[in-house]
Amino acid sequence: MKYHGSLKVKIFEISDYGLNKDERREKYKDYYVLLCEKCNQEVNKRDYKCNYCYNKETDPNEKFRMRLGSCKECHQVNEYSVGSKGGFAKVYSAEWIDGRIKRWNPLSNNWERNGQTKIALKVLNDSENISEDFLNEIKVLIKASYYPGIVKCFGITRDPISLNYALVLEYVKNDLRIIMNEIVTVTPPFNNQPHDHFLVLDICRGLRPNTIRTETTETSNSLNFLKELNKLIERCWDANSINRPTSGEVCDISLDILNDYINQKQAEEQKNPSYNFDETIDTTLKKNPSITIETHSEANYTSGILDLPPNLPEPTNWPNQQEFISSRIYSQDLLAKNLRSECLECMVY
């Protein structure tokens with residue numbers, strides 16, 4: 001320790017970039033001036049890094065470590081199990097042995113944690129090298145996770161084997177999106193057709209996934225909340241962005257619908273304890289004529305990059321889904337008449 005005038009001065013050690021920001025703050029809280037061990041420049045006490053060294057650093061991974069520290073949490077995670085897999089990421093459930101940091105305990109000179117916690121890890125494929133833009137997106141995601149109804153992001157970690165980065169997320173067994181998907185549509189969207197450029201064309205022209213036809217007697221009498229779900233879903237996929245609800249509206253409306261669903265379920269099952277409300281919903285929806293249970297062999301739900309032509313039409317709404325005719329049908333008619341065209345817009349009427 002040194003004194004600069006009447007101020008306590010401490011050398012900020014390079015090894016301390018392995019600490020996260022809270023740990024650095026706690027370690028150096030009693031010092032007014034920190035000097036970088038490498039360049040002897042003053043260290044910024046707002047984020048506890050040497051800006052001079054940071055700006056000179058060219059390795060994005062090292063810059064990430066200087067900003068946020070080396071992740072020790074990835075070594076505290078065990079019992080991985082695969083949740084889902086896409087073209088850009090894999091999602092796992094895992095046990096975080098010690099859990100999140102709760103507070104600093106000055107008596108034990110250590111961090112107190114919440115204890116073993118189940119989490120979700122979204123490992124991003126080919127992410128061993130990250131950019132400044134990516135880090136900024138993570139910061140926005142962490143801030144957004146404090147809003148109600150949003151799955152919380154606790155930060156990022158790194159797979160010690162592949163070195164890919166992963167989002168550390170709150171583990172949610174069932175959220176409203178899953179309930180909406182399973183209750184309203186029973187099956188994944190566009191499950192009865194190939195997922196190819198014709199489907200992309202059709203979506204641009206206004207084709208939308210099936211929703212429950214709430215005009216049926218069974219549905220209107222027993223599942224009134226489905227009407228509100230349908231309205232919300234249809235607003236969300238409106239081709240005109242001005243007509244779409246804000247994230248705040250989606251959250252508020254979704255919670256209202258979920259409460260209606262829970263209240264109706266409780267009321268029905270209180271009347272008859274042997275009555276299974278969810279089973280009744282499942283049976284009713286599978287009878288619905290707008291639902292196709294079988295999935296087409298060329299329907300693909302793994303995310304990936306599509307090789308699409310540059311001349312796709314501007315997105316629009318189709319007023320009556322029952323009258324929609326697919327571009328695939330138009331294309332077949334053109335081929336039957338030997339009218340070939342390289343322009344995809346020629347298939348759109």
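In table form, for the structure just shown:
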| quantity | calculated |
| --- | --- |
| Environment charge at residue 41 (Cβ cut-off 12 Å; Lys +1, Arg +1, Asp -1, Glu -1) | +1 |
| Contour minus Cα-Cα distance for residue 250 and residue 311 (0.36 nm per residue) | 18.7 nm |
| Trypsin sites (Lys or Arg not before Pro) lying in DSSP loop within segment 17-64, provided at most 15 other Cβ fall within 10 Å | 29, 38, 46 |
| Separation in nanometres of the label points that stand 7 Å from Cα toward Cβ, at residue 38 and residue 8 | 2.6 |
| Listed residue pairs exceeding 22 Å between alpha carbons, taken from 56/143; 27/152; 118/152; 10/45 | 56/143; 27/152 |
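Rule-based calculations on the coordinates, nothing more; no lab input. Computed from a predicted structure; not experimentally measured. Note that each Cβ is placed from the backbone with ideal geometry, even for glycine, and that neighbours are counted across all protein chains shown.
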